[in-house]
Structures are given as structure tokens and as C-alpha cells.
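Colleague: Can you keep this structure in mind? I'll have questions shortly.
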Amino acid sequence: MAGKPKLHYFNGRGRMESTRWLLAAAGVEFEEKFIETPEDLENLQHDGSLMFQQVPMVEIDGMKLVQTRAILNYIATKYNLYGKDIKERALIDMYIEGVADLSELILHLVICPPGEKDAKLALIKERTTTRYFPAYEKVLKSHGQDYLVGNKLSRADIHLVELLYYVEEIDSSLIANFPLLKALKARVSNLPTVKKFLQPGSQRKPPMDEKSFEKAKKIFKIK
Amino acid sequence: MAAKPKLYYFRGRGRMESIRWLLAAAGVEFEEEFLEKREQYEKLEKDGCLLFGQVPFVEMDGMKLTQTRAILSYLAAKYNLYGKDLKERVRIDMYTDGTLDLMMMIALVPFKPPEEKEENIALIVKKAKTRYLPVFEKVLKDHGEDFLVGNKFSWADVQLIETILMMEELNASILSDFPLLKAFKTRISNIPTIKKFLQPGSQRKPCPDKQYVDVVRHILQF
């Protein structure tokens with residue numbers, strides 16, 4: 001019997017959280033080895049575990065996978081969350097790349113200098129309500145189905161709902177005019193595996209606080 | 001008979017060039033509509049073609065596709081350039097995702113303020129030489145095969161040769177420490193579809209110039 005996937009990252013969301021969400025939603029148990037010091041990261045780099053010297057890295061099925069997208073693509077395919085054919089996959093990919101773009105803006109909000117925060121926040125809010133939320137609302141409206149693609153739960157729904165939680169943390173009013181997105185969020189949140197992941201005590205990570213930000217900066221040698 | 005894929009973008013490389021390379025490598029003929037005026041872009045938006053209001057936009061197989069990576073993955077799968085199974089595919093994904101990061105950095109260089117350009121290019125060259133190129137040199141060394149994955153031509157090879165050529169434009173001696181990559185470059189360049197694409201008169205786009213930057217800024221209003 002294959003071992004559980006093992007996630008190598010620091011103890012925070014960053015670029016690993018979407019992988020935690022996807023595994024959890026797929027009902028797959030996983031282990032985590034947290035990088036706590038710069039030496040921990042250096043050890044991984046020196047023993048050849050990290051193809052491009054970077055984390056995230058996931059040990060799964062005898063492989064050491066890096067590059068967030070490669071990891072997510074593998075997991076989604078393995079657990080049948082990637083559509084039924086290449087056309088459905090193309091739609092899923094298109095939708096999740098939009099999620100990735102907005103998530104990237106939110107990720108950078110954490111590390112941006114205090115003087116730039118307000119402008120970045122305004123940009124995130126604007127993009128959310130004028131570019132991204134309308135696009136996904138329109139997709140759901142166009143077919144009237146419960147899920148984004150192929151009338152079946154896919155990674156697109158999971159990644160989008162994860163994003164909806166982050167947007168809610170920033171400003172809970174942003175979703176106000178998007179009833180179908182609200183419904184999708186509720187629906188996906190009620191799936192047994194997701195519901196479990198949303199409860200306290202799961203492997204879901206909280207927003208970064210000042211202390212863990214300083215720690216992460218040290219590990220990744222960010223100034 | 002299916003219509004040819006149609007690419008909508010500026011008359012330049014940007015984020016569309018990788019898509020042109022992959023189509024060309026697969027021997028697929030394609031059409032292009034070049035965005036030269038703001039009105040063309042607004043029309044595409046109005047017609048509901050651009051899911052997130054952005055290009056690249058490719059119309060093919062009855063779909064309106066945007067998002068570079070979504071388009072590339074679709075093409076790779078459709079034209080059998082994505083490995084034979086999931087394990088080969090994940091390796092191709094790891095390799096291409098790495099090089100795409102690097103290429104998107106290169107695509108942004110023309111839009112940086114002049115005082116930042118040199119530093120930016122130096123950073124890209126450093127990343128290529130220390131992080132990316134050594135990996136691919138090692139991959140080729142470890143298996144001794146002609147192609148990166150599965151002893152067969154794949155999207156990973158197309159992406160890598162595109163990256164190598166773009167890096168050489170920034171730094172002519174970038175391959176000096178990588179003999180296997182030099183041989184790889186020659187070998188891949190001689191594949192008939194690639195050879196054809198490398199010749200003058202193909203749909204391959206030249207280095208971005210001031211005119212290109214001006215058109216993009218005008219259309220996207222930044």
C-alpha cells in the first residue's frame with residue numbers, strides 16, 4: 001500500500017495551501033514536514049530533493065514533485081477531479097488560471113511593504129468585483145448547473161471556493177452581488193470532505209500573522 | 001474538416017509566442033488576427049470572447065480559449081506532445097512550468113522602466129544559469145536520450161528550445177557551460193517542423209521593439 005503523500009513547506013498557506021485543499025477535498029490523508037529554519041530548506045536543497053531549489057515539494061507515488069501547477073495537475077488527474085476529456089480539462093484550466101492570478105495578488109499582499117498595501121488592496125477588490133467574480137458568475141449562470149464544468153465536482157470548484165474564503169477574509173461584502181458564487185461556496189463547503197477540512201483542528205492553515213511572516217522571511221531569505 | 005486555430009494577439013511575442021511555437025512544432029497551421037487598435041480589443045470583450053478580459057485568445061475546436069497555460073496544455077494533449085502516461089506528464093509539467101516562469105519574466109522586460117531593465121536582465125540570466133539550465137543539462141546527462149522525457153519529442157522540448165533561443169538573445173554565451181544543451185539545441189532545431197518555423201517568413205515573431213511596446217500600452221491602456 002502506498003504511503004501517504006508528504007508535503008514539504010513552511011507552516012503556513014503560501015503556495016502549498018491549494019494542494020492541501022485539493023488533497024483534503026479528494027479525501028486523501030497526507031503528512032506534512034514543516035520547514036522551520038533556513039537550515040531545513042538548505043538540507044532539502046543539498047540532498048537533491050528540490051528540482052529548482054524551491055518548495056512546495058510533495059513526495060507522492062515514489063516521486064518528489066515540485067512546481068505548484070505540476071503537483072496540482074497530478075493530484076487532480078489521479079483523483080478524477082480534472083474533467084472527463086481534454087475539452088473539459090481546457091475549461092477547467094482556463095478557470096483555475098484566473099483563480100491563480102487573483103490568488104497571486106492576494107499572496108503578494110502579505111509580503112508587500114506597508115506603504116503599498118492600500119493600493120494593492122484596492123486593486124484586489126476592483127479585480128475581484130469587475131473581472132473575476134463576474135466571469136465565474138456568468139459561467140454558472142450560462143449552464144445553471146451545480147458545478148463549473150461538466151455538471152460534476154472538479155478541481156475548478158475547489159480552487160474557486162478556496163479563493164472565495166480568502167476574499168471573504170479581505171472583505172465579506174465583495175461577494176454580495178454574486179448569488180451563484182455564494183451558492184457554490186455553500187454547496188462545496190457542505191461536501192463531507194470539505195466540511196471536515198473547514199473545521200478547527202484540520203490541516204488547513206490560518207492567515208499569516210506578523211510572527212510567522214518574520215519566520216518565513218528568515219527561512220526563504222526574503223528581505 | 002476542422003477550421004484552423006485562430007490566434008488573437010498583438011503582432012509580437014509576449015505571452016502568445018509559446019503557443020505559436022507549440023502549434024508550429026506540432027505541424028499545425030494557424031491563422032492570426034493582430035490587435036492594432038483599441039477598438040478591436042473592445043470588440044472581443046463585447047463579444048464575450050475574453051473570459052477575464054485578457055489576451056492571448058485562441059479560437060479552436062469550437063472553444064474560446066484564454067489563459068496561456070490552459071491553451072498550451074490543451075495543444076500538448078491534443079497533438080500527443082504530453083507524454084504517454086501521468087508520470088511522464090507530471091515531469092513535462094514540472095519542466096515547462098519552470099521555463100514558463102522564466103519566459104514570462106523575459107516577456108515583461110520591454111515594459112520595465114529603462115533604469116530597471118539591465119538589472120532585470122541580469123537577474124533573468126542568473127536564474128537561467130544557476131537554477132534552470134543546470135537542471136535540464138542534468139536530465140539529459142542522466143538518461144542520455146535525445147529528448148527530455150520518455151525518449152520522445154514532447155512539449156517540454158519545444159518549451160526548452162524556445163527558452164534557450166530567447167536566453168541567447170539576452171546573453172549569447174549562455175550555453176557555454178552546458179554541452180548537452182548545445183547538442184540538444186542543434187538536434188531540436190533540425191526537426192523539420194521546428195526548422196521550418198526557424199526560417200524567415202514563418203509566423204515566429206521578432207524581438208519586441210518600441211513600436212510593439214507602444215501598441216500594447218495603447219490597447220491595454222497602461
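Colleague: Within the range B:109-140, restricting attention to residues that are within 14 Å of chain A (Cβ to nearest Cβ) and among the basic types (Lys, Arg), which residue is farthest from the chain's Cα centre (by Cα)?
Modeller: Within the range B:109-140, the match that is farthest from the chain's Cα centre (by Cα) is B:Lys138.
Colleague: Can you pull out the residues in the range B:109-122 that are among the aliphatic types (A, V, I, L, M) and surrounded by fewer than 13 Cβ atoms within 10 Å (Cβ to Cβ)?
Modeller: B:Ala122
Colleague: Looking at the range A:160-215 only, could you name the residues that are of a type in the set (A, V, I, L, M) and in contact with a Gly (Cβ under 6 Å, 6 or more places away or on another chain)? Please lay out each step first, then the result.
Modeller: Step one: of the range A:160-215, the residues of a type in the set (A, V, I, L, M) are A:160-161, A:163-164, A:167, A:170, A:174-176, A:180-181, A:183-184, A:186, A:188, A:191, A:194, A:198, A:208.
A:Met208 - this is the single residue of the range A:160-215 that is of a type in the set (A, V, I, L, M) and in contact with a Gly (Cβ under 6 Å, 6 or more places away or on another chain).
Colleague: Looking only at the range B:45-54, which residues are of a type outside the set (S, T, N, Q) and surrounded by fewer than 22 Cβ atoms within 10 Å (Cβ to Cβ)?
Modeller: B:Glu45, B:Lys46, B:Asp47, B:Gly48, B:Cys49, B:Leu50, B:Phe52, B:Gly53, listed by residue number.
Colleague: Another question about this same structure. Please find, among A:Leu184, A:Leu160, the residue that is within 20 Å of A:Arg89 (Cβ to Cβ), of a type outside the set (Phe, Trp, Tyr) and touching an Asp or Glu at 6+ places or on another chain (Cβ under 9 Å).
Modeller: When all the criteria are applied, what remains is A:Leu184.
Colleague: Further question on the same structure: Please specify each residue of the range A:162-206 satisfying the condition of being acidic (Asp, Glu) and in contact (Cβ under 8 Å) with a residue 12 or more places away in the chain.
Modeller: Of everything in the range A:162-206, those that are acidic (Asp, Glu) and in contact (Cβ under 8 Å) with a residue 12 or more places away in the chain turn out to be A:Glu162, A:Glu169, A:Asp171.
Colleague: Output the number of residues of the range A:207-216 satisfying the condition of being closer than 18 Å to A:Ile106 by Cβ and touching a residue at least 40 places away in the same chain (Cβ under 8 Å).
Modeller: 5
Colleague: From the set of residues in the range A:141-174 that are hydrophobic (A, V, I, L, M, F, W, C) and within 20 Å of B:Ala70 (Cβ to Cβ), which is surrounded by the fewest Cβ atoms within 10 Å (Cβ to Cβ)?
Modeller: Taking the candidates together, the pick is A:Leu153.
Colleague: With the condition kept exactly as written, say whether any residue in the range A:45-58 is in contact (Cβ under 8 Å) with a residue 60 or more places away in the chain and more than 9 Å from every other protein chain (Cβ to nearest Cβ).
Modeller: No: the range A:45-58 contains no residue that is in contact (Cβ under 8 Å) with a residue 60 or more places away in the chain and more than 9 Å from every other protein chain (Cβ to nearest Cβ).
Colleague: Something else now. Which numbered condition in (1) of a type in the set (A, V, I, L, M, F, W, C); (2) under 21 Å from A:Gly14 (Cα atoms); (3) in contact (Cβ under 8 Å) with a residue 24 or more places away in the chain is the only one that A:Leu123 fails?
Modeller: A:Leu123 satisfies every listed condition except (3).
Colleague: Sticking with this structure for a sec: Looking only at residues that are part of a loop (DSSP other than H, G, I, E, B) and surrounded by fewer than 16 Cβ atoms within 10 Å (Cβ to Cβ) in the range A:75-128, which one is nearest to the other protein chains (Cβ to nearest Cβ)?
Modeller: A:Asp85
Colleague: Answer yes if at least one residue in the range B:64-71 is away from chain A (no Cβ under 12 Å), touching a residue at least 24 places away in the same chain (Cβ under 8 Å) and not hydroxyl-bearing (Ser, Thr, Tyr), and no otherwise.
Modeller: No, because not a single residue in the range B:64-71 is away from chain A (no Cβ under 12 Å), touching a residue at least 24 places away in the same chain (Cβ under 8 Å) and not hydroxyl-bearing (Ser, Thr, Tyr).
Every residue, every condition in (1) more than 13 Å from chain A (Cβ to nearest Cβ); (2) assigned to a helix (DSSP H, G or I); (3) within 14 Å of the chain's Cα centre (by Cα), yes or no:
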| position | (1), (2), (3) |
| --- | --- |
| B:Tyr8 | yes, no, no |
| B:Glu42 | yes, yes, no |
| B:Val58 | no, no, no |
| B:Lys87 | no, yes, no |
| B:Val90 | no, yes, no |
| B:Leu102 | no, yes, yes |
| B:Ile106 | yes, yes, yes |
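Colleague: Being out of contact with any Gly (no Cβ under 9 Å at 6 or more places or on another chain) and closer than 15 Å to A:Ile71 by Cα is true for just one of B:Tyr95, B:Tyr74, B:Tyr82. Which residue is that?
Modeller: B:Tyr95
Colleague: Out of curiosity, is B:Ile71 at pLDDT below 95, closer than 30 Å to A:Met57 by Cβ and β-branched (Val, Ile, Thr)?
Modeller: Values: at pLDDT below 95: no; closer than 30 Å to A:Met57 by Cβ: yes; β-branched (Val, Ile, Thr): yes.
Here the answer is no, as B:Ile71 does not meet what is asked.
Colleague: Just a yes or no: is a residue in the range A:201-210 over 15 Å from A:Ala24 (Cα atoms) and part of a helix (DSSP H, G or I)?
Modeller: Within the range A:201-210 (the criterion being over 15 Å from A:Ala24 (Cα atoms) and part of a helix (DSSP H, G or I)), the answer is yes, since at least one residue qualifies.
Colleague: Hey, can you tell me all the residues within the range B:1-44 that are among the small types (Gly, Ala, Ser) and crowded, with 20+ Cβ neighbours inside 10 Å?
Modeller: B:Gly12, B:Gly14, B:Ser18, B:Ala24, B:Ala25
Colleague: Can B:Pro134 be described as farther than 26 Å from B:Phe197 by Cα and touching a residue at least 12 places away in the same chain (Cβ under 8 Å)?
Modeller: Yes, satisfied.
Colleague: If I go through the range A:135-155 residue by residue, how many of them are touching a residue at least 24 places away in the same chain (Cβ under 8 Å) and in a helix (DSSP H, G or I)?
Modeller: Selection size over the range A:135-155: 7.
Colleague: Could you grab me the full set of residues in the range A:62-74 that are facing chain B (nearest Cβ under 8 Å) and either part of a strand (DSSP E or B) or on the phi > 0 side of the Ramachandran plot (or both)?
Modeller: Within the range A:62-74, A:Met63, A:Leu65, A:Val66, A:Gln67 qualify.
The values are calculated or read from the model by the stated rules, or taken from the named source; none is laboratory data. These numbers come from a predicted model, not from an experiment. Neighbour counts run over all protein chains shown; Cβ positions are idealised from the backbone, glycine included.
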